[in-house]
1. For region 129-160, name all the residues that are among the hydrophobic types (A, V, I, L, M, F, W, C), assigned to a helix (DSSP H, G or I) and crowded, with 17+ Cβ neighbours inside 10 Å.
2. Which residues, counting only those in region 163-205, are closer than 18 Å to Leu78 by Cβ, surrounded by fewer than 19 Cβ atoms within 10 Å (Cβ to Cβ) and without any contact (Cβ under 8 Å) to a residue 60 or more places away in the chain?
3. Out of all the residues in region 74-87, is one or more assigned to a helix (DSSP H, G or I), closer than 26 Å to Arg122 by Cβ, out of contact with any helix residue (DSSP H, G or I) (no Cβ under 7 Å at 6 or more places or on another chain) and in contact (Cβ under 8 Å) with a residue 60 or more places away in the chain?
4. Every residue in region 63-105 that is surrounded by fewer than 18 Cβ atoms within 10 Å (Cβ to Cβ) and of a type in the set (A, V, I, L, M, F, W, C), please.
5. Just a yes or no: is a residue in region 91-105 assigned to a loop (DSSP other than H, G, I, E, B) and more than 20 Å from the chain's Cα centre (by Cα)?
Amino acid sequence: MVLNVISKDRPLVLGSASPRRRDILTGLGIPVRVVVGDVDEAALSTEAPAEYLHRIVADKLADVARRLAGTPPFAAVLVADTIVVLAERIMGKPESLDDACALLSALVGTTHRVDTRYAIARSDCPERPVMERTVQTLVTMRAATVDEVRRYAETGEGRDKAGAYAAQGIGAFLIERIDGSYTNVVGLPAMQLVSDLCGCGLLERFP
């Protein structure tokens with residue numbers, strides 16, 4: 001069991017290129033090593049948001065597990081995916097400035113949902129999750145003007161983000177209210193994740 005406890009010598013492998021997820025983990029004092037997977041994140045036309053998240057997280061874990069063969073010691077693997085959902089429609093990452101404006105225009109003046117799903121696996125079987133969870137947060141945006149939406153999109157802040165905005169950055173000026181986990185909107189629900197890492201015996205104590 002000691003070999004499965006996260007430590008500096010046996011860190012948590014984060015299977016994500018997201019600097020925001022890494023910042024959340026390091027801010028919690030959890031030793032992290034990043035191993036980025038590569039999966040096709042395009043949604044299928046018939047997929048509901050929950051089905052999409054389940055498939056993508058499973059694919060990410062399988063890909064990262066393959067990449068970990070022969071690497072330095074680690075205690076566990078964490079993969080995650082975050083989506084923005086409006087009326088059960090997945091609002092993806094913008095492909096252009098005009099696309100970012102269209103996504104933001106649909107979101108402002110409404111309440112949408114941010115879903116993050118994560119999977120945790122132990123080092124002795126990194127392809128098989130010991131814990132999976134989806135956390136939902138509601139985000140209400142104020143009714144911004146067309147000019148405000150365009151100028152925010154032009155900052156480029158939301159270029160690589162679901163829904164074309166960043167709650168932790170300039171995009172905060174659009175957010176009227178958050179109901180639920182704030183860090184979930186950023187990319188990882190910190191409270192639930194720490195609870196699950198402890199429950200799986202991967203953290204001996206916290207903090």
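1. Listed by number, the residues that qualify are Val149, Ala153.
2. Within region 163-205, Met191, Gln192, Ser195, Cys198 qualify.
3. Scanning region 74-87, I find no residue that is assigned to a helix (DSSP H, G or I), closer than 26 Å to Arg122 by Cβ, out of contact with any helix residue (DSSP H, G or I) (no Cβ under 7 Å at 6 or more places or on another chain) and in contact (Cβ under 8 Å) with a residue 60 or more places away in the chain, so the answer is no.
4. Residues satisfying the conditions are Ala69, Leu86, Ala87, Ile90, Leu97, Ala102.
5. Within region 91-105, one or more residues are assigned to a loop (DSSP other than H, G, I, E, B) and more than 20 Å from the chain's Cα centre (by Cα).
Rule-based calculations on the coordinates, nothing more; no lab input. Here the structure is a predicted model, which means the values were calculated and not measured. No Cβ is skipped: glycine too gets one built from the backbone with ideal geometry, and neighbour counts run over all protein chains shown.
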